[in-house]
Amino acid sequence: AQSVAQPEDQVNVAEGNPLTVKCTYSVSGNPYLFWYVQYPNRGLQFLLKYITGDNLVKGSYGFEAEFNKSQTSFHLKKPSALVSDSALYFCAVRDKAGRRALTFGSGTRLQVQP
Amino acid sequence: EAGVAQSPRYKIIEKRQSVAFWCNPISGHATLYWYQQILGQGPKLLIQFQNNGVVDDSQLPKDRFSAERLKGVDSTLKIQPAKLEDSAVYLCASSLVPGRVDSPLHFGNGTRLTVT
């Protein structure tokens, strides 16, 4: 079975400061990893993905994520937070065999204070 | 490109009533998903279609939920009869390339169902 854990329900950060949203995963074999963002009353929007290669993946809106195989983690990062980054963030995983559709974590609410 | 369209946006029904949701994926997207997102939780897959065939419906409560994707385009998800615990946002998503497991999902804005 594949699963995702997002240990923080909410992350608070001041505008201009770096942010990190944590994610750990469990999957058989090598993973495909994704981050999605959800704004109020909207569907999820794709931010970035890790497939293979460089452990640091860059995505939309200045976000990046670091894949760490030994720690089974895929933390989302941004060097300088914006108030407009405030939203709900979901980490998701599927195994490379693609036997199952994406499995999502429970989400982390990011609140950026001006 | 036009996004994934879902309707209605909101629906309020009483328990034991029936309800249906509609989804029109992005043109050309072969794979279609229905996810259930309960408040405070991540989306949970209900059913996955490849064209008009079911790939995975292992988490669909088949005694009350049904879904179809006629002609491999639009899809409907039905609940009959509804229970209080079905209150959730129902998200439809599509992806472009069959068999490309790294293909991102494109989500609609969802239908928020409230069962009273």
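The values are calculated or read from the model by the stated rules, or taken from the named source; none is laboratory data. All of these numbers come straight from a predicted model, not from anything done at the bench. So basically every Cβ, Gly included, is an ideal-geometry build from the backbone, and we count neighbours across all protein chains shown. We work out accessible area using only protein heavy atoms, side chains counted, and drop any ligands, DNA or RNA first. Shrake-Rupley method; radii C 1.70, N 1.55, O 1.52, S 1.80 Å.
Using 0.36 nm times the number of residues separating B:Lys78 and B:Ser18, minus their current alpha carbon distance, what extension gain do you get?
Gain in length upon complete extension: 20.9 nm.
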statement: With the 8 Å Cα cutoff and a minimum separation of six or more residues, chain B has a relative contact order in percent of 37
query: What does the accessible area of A:Phe63 come to, in Å² to the nearest 10, when a probe of 1.4 Å is used?
result: 10
message: I need to check one value: relative contact order of chain A, counting alpha carbon pairs closer than 8 Å and at least 6 residues apart, in percent.
response: 38
- prompt: Residues of segment A:11-59 losing 50 Å² or more of accessible area relative to the isolated chain, 1.4 Å probe, heavy atoms only?
  reply: A:Asn41, A:Leu44
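Rounded if a/c is under 1.5, else prolate if a/b beats b/c, else oblate: with a ≥ b ≥ c from the C-alpha gyration tensor eigenvalues square-rooted, which is chain B? Each step should come with its number before you reach the end.
Numbers: a/c = 1.80, a/b = 1.66, b/c = 1.09.
Note, shape of chain B comes out prolate.
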- prompt: How many percent of the accessible area of chain A is carbon or sulfur, using a 1.4 Å probe?
  reply: 47
field: For the protein assembly as shown, alpha-carbon Rg over 2.2 N^0.38 Å
entry: 1.01
Accessible surface of chain B [probe 1.4 Å, protein heavy atoms]: carbon and sulfur percent: 51
statement: Counting only DSSP loop positions in segment B:1-70, the GluC sites (Glu not before Pro) whose Cβ has at most 11 other Cβ atoms within 10 Å are B:Glu1, B:Glu14
- prompt: Using a Gaussian network for chain B with springs between C-alpha atoms less than 10 Å apart, which of these wobbles most: B:Leu84, B:Leu96, B:Leu60?
  reply: B:Leu84
- line: Across B:Leu91, B:Leu105, B:Leu32, the residue with the highest GNM fluctuation in chain B (Cα network, 10 Å cutoff) is B:Leu105
field: Heavy atoms of B:Trp22 accessible to a 1.4 Å probe, total area in Å² rounded to 10
entry: 90
message: Interface size between chain B and chain A, please: total buried accessible area, 1.4 Å probe, rounded to the nearest 100 Å².
response: 1700
message: Per residue, how much accessible surface does the protein assembly as shown expose to a 1.4 Å probe? Answer in Å², no decimals.
response: 47
message: With loop defined by DSSP as not H, G, I, E or B, and exposure as at most 13 other Cβ atoms within 10 Å, which is the longest segment of chain B clear of exposed trypsin sites (Lys or Arg not before Pro)?
response: B:17-61
task: Output the residues of segment B:32-57 meeting this criterion: accessible area (heavy atoms, 1.4 Å probe) in the chain alone minus accessible area with all protein chains in place is 40 Å² or greater.
output: B:Tyr35, B:Gln37, B:Pro43
message: If you take every residue apart from B:Gly53 with its C-beta less than 13 Å away from the C-beta of B:Gly53, what net charge results, scoring Lys and Arg +1 and Asp and Glu -1?
response: -1
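Normalised radius of gyration for segment B:74-116, please: alpha carbon Rg relative to 2.2 N^0.38 Å, two decimal places.
Details: Rg = 13.7 Å, N = 43, 2.2 N^0.38 = 9.2 Å.
That ratio works out to 1.49.
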